[in-house]
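Everything on this sheet refers to the single structure shown next.
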Amino acid sequence: MIGRLIDGRYQVRSRIARGGMATVYLATDLRLERRVAIKIMHGHLADDNAFRSRFIQEARSAARLAHPNVVNVFDQGQDADIAYLVMEHLPGITLRDLLKDYGRLTPEQTMDILEAVLSGLAAAHKAGIVHRDVKPENVLLADDGRIKIGDFGLARAVNNNTATGQALLGTVAYLSPELVTRGIADARSDIYALGIMTYEMLTGEQPYVGEAPMQVAYQHANDTVPMPSLVAPGVPVELDELVTWATSRDPEERPRDARVMLDQLLEVEKTVRPSSDTGMQSTMVLPRTMTSSADAETQIMGRGPLTAAATTTALAEPPTAEAEPDAPDEVADTARKRHRRGYWLFTLIVVIAALLGTAGWYFGAGPGSQVPVPTLVSVTPEDAAVQLEALGLVAESGSTYSLDIPAGLIVSTDPGEGARVAKGSTVTLNVSQGPQPITLPPLAGLTPDAATAVITELRAVPGAVDEIFSNSVDAGLLIYATRDSDGTDLSQGGDAFEGSVINYTVSLGDVTDVTGESLDDAIDLLAEQGLEGQAGEETYSASVPEGDVISAAPGAAGPIRVGSPITLTVSRGPEPVEVPDVVGVGWSEAKQTLIDLGFDLSYNPGADAIAALLSVESTDPAAGTSLPLGSTITLRPTNPFG
């Protein structure tokens, strides 16, 4: 399938994933010049009307949704025996990949993913669509941070009770009890599956396991999902309660749809992730209007000035005896102590300010700062080096092969674009060397399918197929193969590049031998091979009867293809011969002369008995007459007795 052009528009590049119903490939939309994901139904399912209808239903279900957390569907169609669905391509991983790498997620990460999935499901439920296959494999985490839910292959329009049919659909690890026991699904079945998925994100494992699918299904129908905190201590009780609510065995006790659960999740987030107003207060700056005048109103930070009455009271009260100094020396000593405290306080403030300034410079603009690696794909190495130097990064040259990026331009960077690195770090620029060279084995004598398998494995692309008649190569086998770009013959193998288009010339076998057939029969036999028999010149033939074909030859130079004209040479019979003049010639000599020319003779056999005495008196036809070889000439002998 790789390298195939679907519906004259989508060029298949590589395989992304394979499922039970279809395989997803990365492709290029040649019309809009963009990368897409194309989902192609497995060939053995394409003839099944039920599966084909379900495949088309996925396109219709997803196309009804326009939401940032739902994978967009662009197109759907049929190309010969291929049913396909075109979706947006999201470079990244699935939630399943994330769980495999990290085991379990933090409550904060879980809530972030859950919020995005619930938002997408809420849009589906609002549109009357039940997903019916919610699981980590269908949650896509894009490289740019987007989270989307996809694969509506089992989705159906919802009514009060959407039945699954005779078989359970969806993944057994996430089946709701009502699907197991009654085969009925609605929006609350999606909620149950989402609750199981939330449990798995928080704990790193599924709540129910078994050696057979029926064992897992039995537990869904009869057991209660445990709280995640029993497996992963530290999970907030609010998330425990959310999972318990979503996975209740009775659908009536669950959220009725994704919007209700999303609203509850947002309330839980307020509790688990408190807002910033409960954290540290920001640093306060003294207002410029404050003065040090003795008669200025007393200022209390955060409360405003005291009232005039309070100020008057404070000034009117005399100092107590305990606060009054006993002597001038004590007053001077107190003043010196206050002066020293003020000096050290000022010094401390200056030092702290210097440290903060230095740290700010180090992490903001100095060696300790981090900068994101810019997007440099398709940029020249020289321009990329200038951009990196401006960011305080060091460029290092690397190389790689690429089908898409022309030679001499950058394919990728290491670290990749968007990665944050410290200033002074080295960024490797992987410069395209063009397509990677490959060596093709001999292709002549292979079937087209076998040749396609060989070149596809080497990442070349099968091109046009030309069929010609050949008397030396059996029908259905390659006569030769050529590189499309320059016509290089690769029949016996040779050098090419990844992405090279290889054209085939395939044998149609030998042209039917129509020699000796009548003209009409010869034309009919050639028509059965797709050839156009045409009557050519007529010629004499001693061996081919008149009206039959003597020979067949192409009507034009070059290979014989279907539709080519074939010129047929038709026999006119034997070539006419002029009757010689044998009158007066001895009987025996005249006979031999006519026989040698190919004529048959008619005469009185009794003449042979006295042949030495006889000569030819006349011939019928007479001398000078032109007759076809094999014609009969009547001889009359002279009378020997006068």
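Taking each residue of the range 467-488 that is closer than 18 Å to Thr452 by Cα and looking for partners that are at pLDDT 90 or above and of a type in the set (Lys, Arg) with beta-carbon atoms closer than 7 Å, six or more apart or interchain, yields Glu467/Arg561. Of the strands (runs of 3 or more DSSP E) contained entirely in the range 448-519, those carrying at least 1 residues that are small (Gly, Ala, Ser) and within 28 Å of the chain's Cα centre (by Cα) fall at 461-468, 478-483, 494-497. Evaluation of Gly145 against the conditions (1) more than 30 Å from Ile184 (Cα to Cα); (2) part of a loop (DSSP other than H, G, I, E, B); (3) in contact (Cβ under 8 Å) with a residue 60 or more places away in the chain; (4) of a type outside the set (A, V, I, L, M, F, W, C) shows that the sole unmet condition is (3). Just one residue in the set Ser369, Ser402 is at pLDDT below 90 and touching a strand residue (DSSP E or B) at 6+ places or on another chain (Cβ under 6 Å); that residue is Ser402. Here Val411, Val377 are screened, and the one residue that is surrounded by 13 or more Cβ atoms within 10 Å (Cβ to Cβ) and not in a loop (DSSP other than H, G, I, E, B) is Val411.
Specify the residue that is nearest to Pro574 (Cα to Cα); the eligible residues are those in the range 520-557 that are in a strand (DSSP E or B) and out of contact with any Leu (no Cβ under 8 Å at 6 or more places or on another chain). Going through the qualifying residues, I end up with Thr539. Out of curiosity, is Ala83 without any contact (Cβ under 8 Å) to a residue 60 or more places away in the chain, of a type in the set (Gly, Ala, Ser), at negative phi and surrounded by 14 or more Cβ atoms within 10 Å (Cβ to Cβ)? So Ala83 passes the test. Cβ-Cβ distances below 6 Å connect the following pairs, each with a first residue in the range 532-560 that is under 30 Å from Val473 (Cβ atoms), a second residue that is of a type in the set (Asp, Glu) and part of a loop (DSSP other than H, G, I, E, B), and a separation of six or more residues or different chains: Val549/Glu517.
The values are calculated or read from the model by the stated rules, or taken from the named source; none is laboratory data. Just so it is clear, the model here is predicted, and its values are computed rather than measured. Neighbour counts run over all protein chains shown; Cβ positions are idealised from the backbone, glycine included.
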